[in-house]
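Trainee: Take this structure, written in structure tokens, and hold onto it; I'll ask about it next.
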Amino acid sequence: MRKQIAAANWKMNLTLEQGKALTEEIAQADLDLNDNRLVILGVPFPYLVTIKELLTGQPNMVVAAQNCYSKKSGAFTGEVSATMLTSIGIQYVIIGHSERREYFNETNDMLAEKVNICFENGLKPIFCCGEALEIREAGTQNSFVENQLKESLFHLSAEQLTGFIIAYEPIWAIGTGKTATSAQAQEIQVHIRAVMAAQYGAEVAESISILYGGSVKAANAKEIFGQPDVDGGLVGGASLIADEFVLIINGLK
Ligand code: PGA
């Protein structure tokens with residue numbers, strides 16, 4: 001069975017002390033984590049090593065970076081490479097979050113390069129996709145998301161996509177308090193799985209964890225995660241509050 005995942009995206013929030021306190025509270029909580037469930041904390045670069053060390057010996061909880069650069073190494077001041085992340089023991093990285101696409105002009109082509117460099121370095125991408133409000137209102141979200149997947153992932157092999165992680169995040173639901181209904185989430189996530197199945201076959205598509213993101217909180221997590229094609233969530237705001245995030249984790253299927 002594919003993994004059910006609660007992934008936190010701290011974005012550019014918290015001091016190191018706050019991040020450590022939050023991590024400790026979550027790790028010490030009464031978590032219902034079996035081997036089919038995974039908690040991923042997407043933390044800012046400067047905290048990766050510290051938070052990773054705090055999670056040592058904690059089963060089924062790992063840290064992730066929120067981004068990496070598309071090039072191997074070189075004169076790219078301020079950027080962080082996939083090799084650097086693997087060299088400090090990081091296994092996961094969020095790729096193509098809508099904030100990266102919007103504020104840092106990350107294109108589908110660039111994200112294809114980022115995904116490649118992740119695979120070259122043994123890093124597991126959490127690949128984000130999702131449409132803006134105008135696209136949802138025009139009713140073209142399915143083809144829009146399909147194109148994001150095609151342009152950034154379809155050059156990969158079936159082997160690379162087995163057990164892959166996709167996060168569907170409608171931009172209109174991110175940080176807005178406006179959540180997609182569980183039926184809306186299920187509908188597009190079924191579409192995403194069907195797109196992957198058409199290209200790679202049902203077995204690969206069934207192995208992919210497809211997360212929902214966009215104003216997930218303790219009050220709605222269980223219902224959204226209860227949908228058959230929603231394999232957990234990528235959570236921003238509510239992941240910064242220990243009690244909320246613990247309930248979200250315990251809401252996984
Ligand atoms: P949100 O953010 O939960 O605050 O809406 C989700 C995300 O951007 O990953």
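Trainee: Let me confirm something: among Glu106, Glu120, Glu113, Glu137, which residue is charged (D, E, K, R) and under 17 Å from the mean Cα position of the chain (by Cα)?
Mentor: After applying the criteria, what remains is Glu106.
Trainee: Which number in (1) part of a loop (DSSP other than H, G, I, E, B); (2) within 15 Å of the chain's Cα centre (by Cα); (3) within 16 Å of the ligand (Cβ to nearest atom) marks the one condition that Ile166 misses?
Mentor: The one condition Ile166 does not meet is (1).
Trainee: A follow-up question, please. Considering only residues of segment 196-240 that are of a type in the set (S, T, N, Q) and within 19 Å of Lys124 (Cα to Cα), which is farthest from the ligand (Cβ to nearest atom)?
Mentor: That would be Ser207.
Trainee: Does Gln189 satisfy the condition of being modelled with pLDDT of 95 or more, within 15 Å of the chain's Cα centre (by Cα) and not small (Gly, Ala, Ser)?
Mentor: Considered against the rule, which asks whether it is modelled with pLDDT of 95 or more, within 15 Å of the chain's Cα centre (by Cα) and not small (Gly, Ala, Ser), Gln189 comes out as yes.
Trainee: Assess whether Ile90 counts as being under 16 Å from the mean Cα position of the chain (by Cα), away from the ligand (no atom under 16 Å from the Cβ) and at pLDDT 95 or above.
Mentor: Answer is yes for this residue.
Trainee: Same structure again: Scanning for something of a type in the set (S, T, N, Q), surrounded by 15 or more Cβ atoms within 10 Å (Cβ to Cβ), within 16 Å of the ligand (Cβ to nearest atom) and part of a helix (DSSP H, G or I), does segment 148-156 turn up at least one residue?
Mentor: yes
Trainee: Taking Thr50 and the conditions (1) β-branched (Val, Ile, Thr); (2) buried (at least 16 other Cβ atoms within 10 Å of the Cβ); (3) in contact with a Lys or Arg (Cβ under 8 Å, 6 or more places away or on another chain), which numbered condition does it fall short on, given that it satisfies the others?
Mentor: (2)
Trainee: Quick one: is Glu223 more than 15 Å from Ser98 (Cβ to Cβ), in a helix (DSSP H, G or I), out of contact with any Ser or Thr (no Cβ under 9 Å at 6 or more places or on another chain) and open to solvent by 50 Å² or more (accessible area, probe 1.4 Å)?
Mentor: No: the conditions fail for Glu223.
The values are calculated or read from the model by the stated rules, or taken from the named source; none is laboratory data. None of these values were measured; they are calculated from a predicted model. Positions of Cβ are backbone-derived with ideal geometry, glycine not excepted, and every protein chain shown enters the neighbour counts. For the accessible areas, the whole protein counts, side chains as well, though only heavy atoms, and no ligand, DNA or RNA atoms are used. Shrake-Rupley method; radii C 1.70, N 1.55, O 1.52, S 1.80 Å.
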